[in-house]
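Below is one structure; the comments refer to it alone.
The values are calculated or read from the model by the stated rules, or taken from the named source; none is laboratory data. Computed from a prediction, not measured in an experiment: that's the story for all the values here. Cβ atoms come from the backbone with ideal geometry, glycine included; neighbour counts cover every protein chain shown.
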Amino acid sequence: MAGDRGIARAALSAIADLVVPELCGGCGRPGTAWCEGCARRLSDVPRLLSPRIDPGVPVWALARYGGPMASAVVNLKEHRRRDLAPVLGRLLADGLVAIARWGDLPQTSRLALVPAPTRALAARARGGDTVTAVAGEAAVVLGPGVRVTPMLVTAAWVRDSAGLTAGARNTNLTGAVRLNRPLPAAMRGRGETAVPAVLVDDVLTTGATATHAVRRLRSAGARVAAVVVLAGA
Ligand SMILES: [Zn+2]
């Protein structure tokens, strides 16, 4: 009987493969959601970026925009590959640990991961904000002292930044990033007691979004330690 069940299970799994072919989210190789080759290529260390518009805190990228990371971000965001959120969340957690080891974060046991602002409509169209999902997976890896704190939104009048120059992006976002809730008390204050904030985004191009987001968090009293993005242009 056990053998029959095994065969039945194998048949069901074969049918599932036919219905939803499992493809690597990084390179498209069939048979796995995230292949060993892509895992190896992204076990790289985070890189410090120098964005054209400087947010005034260190900006780190887990990978260059290109190769498996770019594919994974597009697959998660545009093709709703939610199975890639844990993969990217683990990479984000590993990256944060490395950055802390180098001294740009005080620790990784107490952090507020703040997803970069999205336009509400764009996020809804994608079935939820993917950066928040990835940050959530990283928080699970890092432990109970790490919280994801979504609180940044952009005003409805903000245009999609695709195709805009750095200057136009900056103008587009001026005064547009807002808090949709009060800053949690644990994040307030300049001293060591305040939980440091890390702004998290998927892709960084000019740095305009990160800069306006960091400014807004600081003016609300947050201690922003760094910006970490999955891929830096
Ligand atoms: Zn792959």
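Tabulated data for the structure shown
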quantity: Residue identified as more than 21 Å from residue 78 (Cβ to Cβ), aliphatic (A, V, I, L, M) and either in contact with a helix residue (DSSP H, G or I) (Cβ under 9 Å, 6 or more places away or on another chain) or assigned by TED's automatic domain parsing to the domain that holds residue 66 (or both) among 116, 162, 176, 135; calculated: 176
quantity: Residue satisfying all of: in the range 25-58; assigned to a loop (DSSP other than H, G, I, E, B) and within 8 Å of the ligand (Cβ to nearest atom); farthest from the chain's Cα centre (by Cα) among these; calculated: 29
quantity: Complete set of residues in the range 195-233 that are assigned to a loop (DSSP other than H, G, I, E, B) and closer than 15 Å to residue 51 by Cβ; calculated: 205, 206, 207, 233
quantity: Any hit, the range 77-87, residues being under 19 Å from residue 227 (Cβ atoms) and either of a type outside the set (Val, Ile, Thr) or away from the ligand (no atom under 15 Å from the Cβ) (or both); calculated: yes
quantity: Residue 138 touching a residue at least 24 places away in the same chain (Cβ under 8 Å) and under 19 Å from the mean Cα position of the chain (by Cα); calculated: yes
quantity: Pairs with Cβ under 6 Å, 6+ apart, first in the range 165-182 and touching a residue at least 24 places away in the same chain (Cβ under 8 Å), second small (Gly, Ala, Ser); calculated: 169/161; 169/208; 170/208; 173/208; 176/155; 177/213; 179/220
quantity: Enumeration of residues in the range 138-160 that are under 20 Å from residue 95 (Cβ atoms) and charged (D, E, K, R); calculated: 147
quantity: Candidates 52, 81, 64, filtered to the one that is crowded, with 18+ Cβ neighbours inside 10 Å, in contact (Cβ under 8 Å) with a residue 12 or more places away in the chain, of a type in the set (D, E, K, R) and in the same structural domain as residue 141 (by TED's automatic domain parsing); calculated: 81
quantity: In the range 4-49, the residues that are surrounded by 15 or more Cβ atoms within 10 Å (Cβ to Cβ), of a type in the set (A, V, I, L, M, F, W, C), under 30 Å from residue 164 (Cβ atoms) and modelled with pLDDT of 90 or more; calculated: 49
